[in-house]
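Asker: Below is a structure I'd like to ask you about.
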Amino acid sequence: MEEYEDIKKLLKRYLAGECTPEERMRVEQWYGQLDIQAEEPAKEQVEEDIIDIRDRLRRSPIRRIAPWYHYAAAVAAVLLLTVGVYYQFKPSDRFKSSGKTATIASQPDIAPGRNRAILKLANGKEIILDGSPNGEIAQEGAHAIFKNVDGELVYQLGGANTSDATIPRFNTMRTPRGGQYHLVLPDGTKVWLNAASSITYAINGNLGERLVKLEGEAYFEVAKDATRPFRVESKGQIVEVLGTQFNINSYLDEPVVKTTLIEGSVRVAETAEHKTVMLRPGQQAALDRQSHLSVKQADVSDAVAWKNGKFSFSRADIGMVMRQLSRWYDVEVVFKGKKPEITLSGEVYRNTHASKVLEILSFYKLNCQIETVNGVKQIIIQ
């Protein structure tokens, strides 16, 4: 236990940028050689350490105290040491006794996703945003569309008395696998769109309602307008608000639609059986494929981690984890044999290469390989 405390203190100093070059090298060498420990400390001690280190990580600003792959490795090391090696990350007996040695192919590696999106105008024209210069990129009637220096898409509305003010005009933004984008809707609502997602919205500032249609995942900061509720339609539900912040995860390959409220209040209505729930900040509504609608307290930081540039998991099954990696790295995930019945907890930055994220799985004695088969990138797990 004394050695455990020493290592934990050293890792905290590493994250704070207070290590000497020799200590930093020690941490990185230790991380590369870390193996599953045979003994575990008291459960109460582990839980206390988890809370302490997670709180420190979430309060700390992102600082480039070392190359990104070193920082990601250190974060993973801290969480795996306290959570995984001793408690939550402890593999089942089946994996312990397999005798396998984990391997992760270093070549070819897979770069992380980036700001990529396609904008479809009302007339059907499509604009590849990541290939467009900053400045005005299109006109929609009396309205101008700009891409600003921060890479955001913003609208400049024309006058209220223009001839086409009441003609319905809709735009659609979609992100590919391996892409994300930030846009500001004509009413001032800010939207962060995750990978493999799309949002359709009216650009007419004078229409009586604010309705958007979402596929995939998005985070919303809704501009307040007491006269016009803001509604999001997605995969069997409608979310209605006046002004608030929330996240919706509605991917078709996920078993439930998750709506997580950060600030304000929202009403979630299930469309098939007309069930309705109201959410308070910190709550999450879950709508499954059988139209069951439930509410629970949520780990908000996990729900919006993607927007803040991280993967964050709390006892997530390996299928959910790999679906997120598949979308962000634009890669197929192949399980050879039975899918491991394990759960993962921890945080890793999304701007690191896939091989660094996959290092988490090495603690389960799993073989993880990155391959290209017939031009298709694959992560193979066995």
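Asker: At negative phi, open to solvent by less than 60 Å² (accessible area, probe 1.4 Å) and more than 22 Å from the chain's Cα centre (by Cα): which single residue out of Leu293, Leu214, Leu242, Leu287 fits that description?
Answerer: Matching residue, one of Leu293, Leu214, Leu242, Leu287: Leu293.
Asker: Just one of (1) open to solvent by 40 Å² or more (accessible area, probe 1.4 Å); (2) in contact (Cβ under 8 Å) with a residue 24 or more places away in the chain; (3) closer than 28 Å to Val333 by Cβ; (4) not in a strand (DSSP E or B) trips up Glu254, so point out which.
Answerer: Result: Glu254 fails condition (1) only.
Asker: Right, next: Might you check whether a residue that is in contact (Cβ under 8 Å) with a residue 60 or more places away in the chain, in a strand (DSSP E or B) and in contact with an Asp or Glu (Cβ under 6 Å, 6 or more places away or on another chain) occurs anywhere in the stretch 284-300?
Answerer: No.
Asker: Continuing with the same structure: Which pairs do you get when a residue that is over 19 Å from Ile262 (Cα atoms) and free of Cβ contacts under 8 Å to residues at least 60 places away in the same chain, found in the stretch 210-224, comes within reach of a residue that is open to solvent by 20 Å² or more (accessible area, probe 1.4 Å) and among the charged types (D, E, K, R), reach meaning Cβ atoms under 6 angstrom, with the pair 6+ apart or on two chains?
Answerer: Arg210/Asp187; Arg210/Arg228; Leu211/Arg231; Lys213/Glu233
Asker: Regarding Arg228, is this residue modelled with pLDDT of 95 or more, surrounded by fewer than 23 Cβ atoms within 10 Å (Cβ to Cβ) and not in a strand (DSSP E or B)?
Answerer: So Arg228 does not fit the description; no.
Asker: For the stretch 180-237, enumerate the residues that are out of contact with any Ser or Thr (no Cβ under 9 Å at 6 or more places or on another chain), acidic (Asp, Glu) and under 27 Å from Tyr329 (Cα atoms).
Answerer: none
Asker: Would you please name the residue that is nearest to Asp299 (Cα to Cα), looking only at residues in the stretch 335-382 that are under 17 Å from the mean Cα position of the chain (by Cα) and assigned to a loop (DSSP other than H, G, I, E, B)?
Answerer: Checked the stretch 335-382; the qualifying residue nearest to Asp299 (Cα to Cα) is Arg350.
Asker: Let me ask another. If you go through the stretch 312-328, how many residues are without any contact (Cβ under 8 Å) to a residue 24 or more places away in the chain, open to solvent by 20 Å² or more (accessible area, probe 1.4 Å) and among the small types (Gly, Ala, Ser)?
Answerer: Residues flagged as without any contact (Cβ under 8 Å) to a residue 24 or more places away in the chain, open to solvent by 20 Å² or more (accessible area, probe 1.4 Å) and among the small types (Gly, Ala, Ser) within the stretch 312-328 amount to 0.
Asker: Quick one: in the stretch 101-138, which of the residues that are loosely packed, with under 13 Cβ neighbours inside 10 Å and farther than 26 Å from Ala195 by Cα is modelled with the lowest pLDDT?
Answerer: Residue satisfying both the conditions and the ranking: Thr101.
The values are calculated or read from the model by the stated rules, or taken from the named source; none is laboratory data. All of these numbers come straight from a predicted model, not from anything done at the bench. Cβ coordinates were reconstructed from backbone atoms using ideal geometry, including for glycine residues, and neighbour counts include every protein chain displayed. Accessible surface is based on the protein model in full, side chains and every heavy atom, while ligands, DNA and RNA are left aside. Shrake-Rupley method; radii C 1.70, N 1.55, O 1.52, S 1.80 Å.
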